[in-house]
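**Q** Before I ask anything, here is the structure I am working with.
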Amino acid sequence: MDEYHKKEFAIMDYLHIVSLELRKQLGQYATPIEIVRYIVKSVEYIPSKSILQKRLIDPACGSGAFLGEACRVYLNALKKAAIPISEWYPMIISAICGIDIDPKACFFARLNLAMLLAPPILEFISKNTIAKLKPLPIHCADTLHLLASRRKSIPLFYDRISIPLEDQFDFVVGNPPYYKIKNLEQNIKNTFTESIYGHPNAYALFIHAGIEMLRTHGRLGFIVPRSMLSGLYFKNLREFIEKKTAIKEIVNISDRKNIFDGVLHGTMILSLKRGKQNDEKINISLVKTLEDIRDQHRAVIVDRNEVVQQLNGTTVWFVADSLDVYNILSKIIKGSPLLSGNQINYRAKTGQIVWNRVKPLLSTQKEPDTLPLVWATDVGKFSFSFNRMGIARPCFLKSNSKTKQLIVKGLCILVQRVTADEQPSRIIACIPEELCKKEHDGYFVENHLNIIQPTNESNTIDLYFILGILNSDVVDFFFRTMNGNTQVSATELNLLPIPTGKSDDKIAEIAKEIQVVEEAKRKKLFTELNVLVAKAYGLNMNELRFIKNHLNERKYDNSGD
Ligand SMILES: C[S@@+](CC[C@H](N)C(=O)[O-])C[C@H]1O[C@@H](n2cnc3c(N)ncnc32)[C@H](O)[C@@H]1O
């Protein structure tokens, strides 16, 4: 009996022993107990009388990590309410339920809960002469199909147990699977159409499904990738969440290496409440490690409008842990037009050469029918070195009928597409001027780079001005709060505010100089550039100092540009 009141109940986990293939296919990663406990608490599932008549579900329950914690809390609530043990079992099985697509995971979840609940089960049996004990409510099914088919009343062959899902739960908790869904079936598409944009990720559909499962004022708590904060493919999901729920809490977890076994994932805890609220406030915090999650950490309470920002008809969620950051972000956003807007008229797009699709056309030497191929490794912050990797990477590509339409012509800015939070800069950009000028027939750009060019030839805004803005500390600061993953997507670049009309010429001049001067002189010029850019955004020197300190606080590794 003492087991119930222990702070932690250690479950037997099955997810860490599954094959790598299944793991990837079904997104099977065990959730650390610190996160499980935090989420359960953050949706206010606490040992009080109020939860006794309420229902909780984990729609992707794995071995039952969340269900075990929820049971522990529920048992404590039963004990506090002085309900006789013989009555506990029927109450628990109508209050807590789980679904998983993997029968082995369901088996382990049942085993874990059966161990945790053994005393109330025995007590129940001894006091009630029943022929058959009702089973633990762990259902083996595809949650997304279950919801989709219930809506259309199509019976599922494996859905032997009836589990109505829509508007049925007060709490939805868990760690939904993360994987791209390649072939979307029509009934799933129809059910989740409101939140789908492009190729959906399973976790986005689980968030949608979770919201549908909630009763009004019900609470959802998931750990999900941070890519949903700004990614284009999640724009409809963000809108769906904004429309249907109040965002209660976001905990940004900066440790990407040690949360899930063997994968690098930028994650966050997202806590929602079904139904809209006036004067919505969001609790935001940034934590570095699992220990920080366990301990009490500092949170800031922010107006929803500061977090959810409208940029060019789409919303992006900005996550930062201080009101000073939000004040600066507001100034940057409100004062300047966007890169792709009709005042600036520039457009970022992704490099189109996916090297392994054109392998036979690659070459390490220039030949009459080849053009240079620029790789991400050639691009540094204000520096460009064609073929930096030498023969390790073929730097020419045949121009033929297949590749011709992928040629880039004229001057451009190249921006690295994959940079991590730990790196000194998230935006690493340069203008490969010599290459652009020498190669009249054009050049190819590999897929790990973005290309920025003016949308029309008569554009009078200097490319070097844009380069100076992009490589500045202010933009790096802005981008870090806007972007939650390791991608620097063309969409996000297109949404960057560009402060034109103040010191454009001077900024362009300095950016051009930084690209050519020797290393020793760069630092001074870079400082000058940062001051000019900050002023152009309407920021004062205290705010620039704040930005610098904020950037310096991040732990850099040496894998930067
Ligand atoms: C990230 S794991 C989380 C497991 C568990 N909640 C935990 O925290 O340890 C995701 C789980 O979702 C399950 N899953 C994947 N696709 C599913 C689907 N369509 N319907 C139901 N479960 C699914 C996987 O089998 C896996 O157990």
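**Q** Being in contact with a Leu (Cβ under 9 Å, 6 or more places away or on another chain), away from the ligand (no atom under 16 Å from the Cβ), of a type outside the set (Phe, Trp, Tyr) and not in a helix (DSSP H, G or I) is the requirement here; does ARG219 meet it?
**A** Working: in contact with a Leu (Cβ under 9 Å, 6 or more places away or on another chain): yes; away from the ligand (no atom under 16 Å from the Cβ): yes; of a type outside the set (Phe, Trp, Tyr): yes; not in a helix (DSSP H, G or I): yes.
So ARG219 fits the description; yes.
**Q** Is at least one residue of the range 64-72 buried (at least 21 other Cβ atoms within 10 Å of the Cβ), assigned to a loop (DSSP other than H, G, I, E, B) and within 16 Å of the ligand (Cβ to nearest atom)?
**A** Yes.
**Q** If you don't mind, there's one more thing I want to ask. So in the range 266-298, with the set limited to residues that are of a type outside the set (Ser, Thr, Tyr), within 16 Å of the ligand (Cβ to nearest atom) and touching a strand residue (DSSP E or B) at 6+ places or on another chain (Cβ under 6 Å), which one is modelled with the highest pLDDT? Outline the logic, then answer.
**A** So the first thing to find is which residues in the range 266-298 are of a type outside the set (Ser, Thr, Tyr), and the list is 266, 268-270, 272-284, 286-288, 290-298.
Those left that are additionally within 16 Å of the ligand (Cβ to nearest atom): 266, 268-270, 290, 293.
Then keep just the ones that are touching a strand residue (DSSP E or B) at 6+ places or on another chain (Cβ under 6 Å); that gives 268-270, 293.
On the way: MET268: 94, ILE269: 95, LEU270: 98, ILE293: 82.
Taking the candidates together, the pick is LEU270.
**Q** Report, by residue number, each residue of the range 472-504 that is at pLDDT 95 or above and in contact with a Phe, Trp or Tyr (Cβ under 6 Å, 6 or more places away or on another chain).
**A** Across the range 472-504, the qualifying residues are VAL474, PRO499, ASP504.
**Q** Okay, moving on. Filter the range 428-439 down to residues that are buried (at least 24 other Cβ atoms within 10 Å of the Cβ) and over 22 Å from ASP369 (Cα atoms) and give me whichever is farthest from the chain's Cα centre (by Cα). Write out each step before concluding.
**A** Taking the range 428-439 first, the residues buried (at least 24 other Cβ atoms within 10 Å of the Cβ) are 428-430, 432.
Applying the additional criterion that residues be over 22 Å from ASP369 (Cα atoms) yields 428-430.
Working: ILE428: 21, ALA429: 23, CYS430: 27 Å.
Only one residue fits best here, namely CYS430.
**Q** Looking at PHE107, PHE124 in this structure, which one is within 13 Å of the ligand (Cβ to nearest atom) and assigned to a helix (DSSP H, G or I)? Let's see the steps before the verdict.
**A** Working: PHE124 fails: within 13 Å of the ligand (Cβ to nearest atom).
Checking each option against the conditions leaves just PHE107.
**Q** Let me ask something else. Restricting to the range 16-33, and then to whatever is within 12 Å of the ligand (Cβ to nearest atom) and among the charged types (D, E, K, R), can you tell me which residue is modelled with the lowest pLDDT?
**A** At the first step, the residues of the range 16-33 found to be within 12 Å of the ligand (Cβ to nearest atom) are 16, 18, 22-33.
Applying the additional criterion that residues be among the charged types (D, E, K, R) yields 23-24.
Numbers: ARG23: 74, LYS24: 77.
Out of the qualifying residues, it is ARG23.
**Q** Condition check: part of a loop (DSSP other than H, G, I, E, B), at pLDDT below 90 and either more than 9 Å from the ligand (Cβ to nearest atom) or not hydroxyl-bearing (Ser, Thr, Tyr) (or both). Does PRO176 satisfy that?
**A** Working: part of a loop (DSSP other than H, G, I, E, B): yes; at pLDDT below 90: no; either more than 9 Å from the ligand (Cβ to nearest atom) or not hydroxyl-bearing (Ser, Thr, Tyr) (or both): yes.
No.
**Q** Continuing with this model, one more query. Scan the range 440-452 for residues that are buried (at least 20 other Cβ atoms within 10 Å of the Cβ) and of a type in the set (S, T, N, Q) and jot them down.
**A** Once the filter is applied, which keeps residues that are buried (at least 20 other Cβ atoms within 10 Å of the Cβ) and of a type in the set (S, T, N, Q), the range 440-452 yields only ASN450.
**Q** A further question follows. Could you check, for the range 40-62, whether at least one of its residues is of a type outside the set (Gly, Ala, Ser), more than 16 Å from the ligand (Cβ to nearest atom) and in a helix (DSSP H, G or I)?
**A** First, pick out the residues of the range 40-62 that are of a type outside the set (Gly, Ala, Ser): 40-41, 43-47, 49, 51-59, 61.
Applying the additional criterion that residues be more than 16 Å from the ligand (Cβ to nearest atom) yields 44, 46-47, 49, 51-55.
Right, trim to in a helix (DSSP H, G or I) and you get 49, 51.
Taking every residue of the range 40-62 in turn, at least one turns out to be of a type outside the set (Gly, Ala, Ser), more than 16 Å from the ligand (Cβ to nearest atom) and in a helix (DSSP H, G or I).
**Q** Continuing with this model, one more query. Name the residues in the range 430-451 that are out of contact with any Gly (no Cβ under 9 Å at 6 or more places or on another chain) and not charged (D, E, K, R), would you?
**A** Within the range 430-451, ILE431, PRO432, LEU435, HIS440, TYR443 meet the criteria.
**Q** Same structure, new question: In the range 374-430, what residues are among the charged types (D, E, K, R), part of a loop (DSSP other than H, G, I, E, B) and touching a Ser or Thr at 6+ places or on another chain (Cβ under 9 Å)? Please lay out each step first, then the result.
**A** Initially, the range 374-430 is screened for residues among the charged types (D, E, K, R), giving 378, 381, 388, 393, 398, 402, 404, 409, 417, 421-422, 426.
The next check asks that each one be part of a loop (DSSP other than H, G, I, E, B); those that pass are 381, 388, 393, 402, 409, 417, 421-422, 426.
Selection gives LYS381, ARG388, ARG393, ARG417, ASP421, GLU422, ARG426.
**Q** Okay, moving on. Being surrounded by 15 or more Cβ atoms within 10 Å (Cβ to Cβ) and within 16 Å of the ligand (Cβ to nearest atom) is the requirement here; does LEU75 meet it? Spell out the reasoning first.
**A** Details: surrounded by 15 or more Cβ atoms within 10 Å (Cβ to Cβ): yes; within 16 Å of the ligand (Cβ to nearest atom): no.
No.
**Q** Considering only the range 280-364, give the strands (runs of 3 or more DSSP E) lying wholly within it that have at least 1 residues that are closer than 27 Å to HIS217 by Cα. Can you show your working first?
**A** On the way: elements: 281-287, 300-303, 308-311, 314-317, 346-350.
It comes to 281-287, 300-303, 308-311, 314-317.
**Q** If I ask for residues that are within 16 Å of the ligand (Cβ to nearest atom) and in a strand (DSSP E or B), which ones from the range 197-216 would you list?
**A** ASN201, the sole residue that qualifies.
**Q** Return the only residue of ASP378, ASP369 being in contact (Cβ under 8 Å) with a residue 40 or more places away in the chain and of a type in the set (Asp, Glu). Outline the logic, then answer.
**A** Details: ASP369 fails: in contact (Cβ under 8 Å) with a residue 40 or more places away in the chain.
Of ASP378, ASP369, the one residue that is in contact (Cβ under 8 Å) with a residue 40 or more places away in the chain and of a type in the set (Asp, Glu) is ASP378.
**Q** So, in the range 351-402, of the ones that are hydroxyl-bearing (Ser, Thr, Tyr) and crowded, with 16+ Cβ neighbours inside 10 Å, which residue ends up nearest to GLU433 (Cα to Cα)? Quick ask: steps written out before the conclusion?
**A** Residues of the range 351-402 hydroxyl-bearing (Ser, Thr, Tyr): 363-364, 370, 377, 383, 385, 399, 401.
Those left that are additionally crowded, with 16+ Cβ neighbours inside 10 Å: 370, 377, 383, 399.
Numbers: THR370: 19, THR377: 16, SER383: 10, SER399: 21 Å.
Across the range 351-402, the extreme among qualifying residues is SER383.
**Q** Another question, if that's okay. Does any residue in the range 8-30 that is not assigned by TED's automatic domain parsing to the domain that holds PRO225 come within less than 8 Å, Cβ to Cβ, of a residue that is near the ligand (Cβ under 9 Å from one of its atoms) and of a type outside the set (Asp, Glu) six or more places away or on a different chain, and which pairs are these?
**A** Correct list of pairs: empty, since none qualify.
The values are calculated or read from the model by the stated rules, or taken from the named source; none is laboratory data. Model, not experiment: these values are computed from the prediction. Cβ coordinates were reconstructed from backbone atoms using ideal geometry, including for glycine residues, and neighbour counts include every protein chain displayed.
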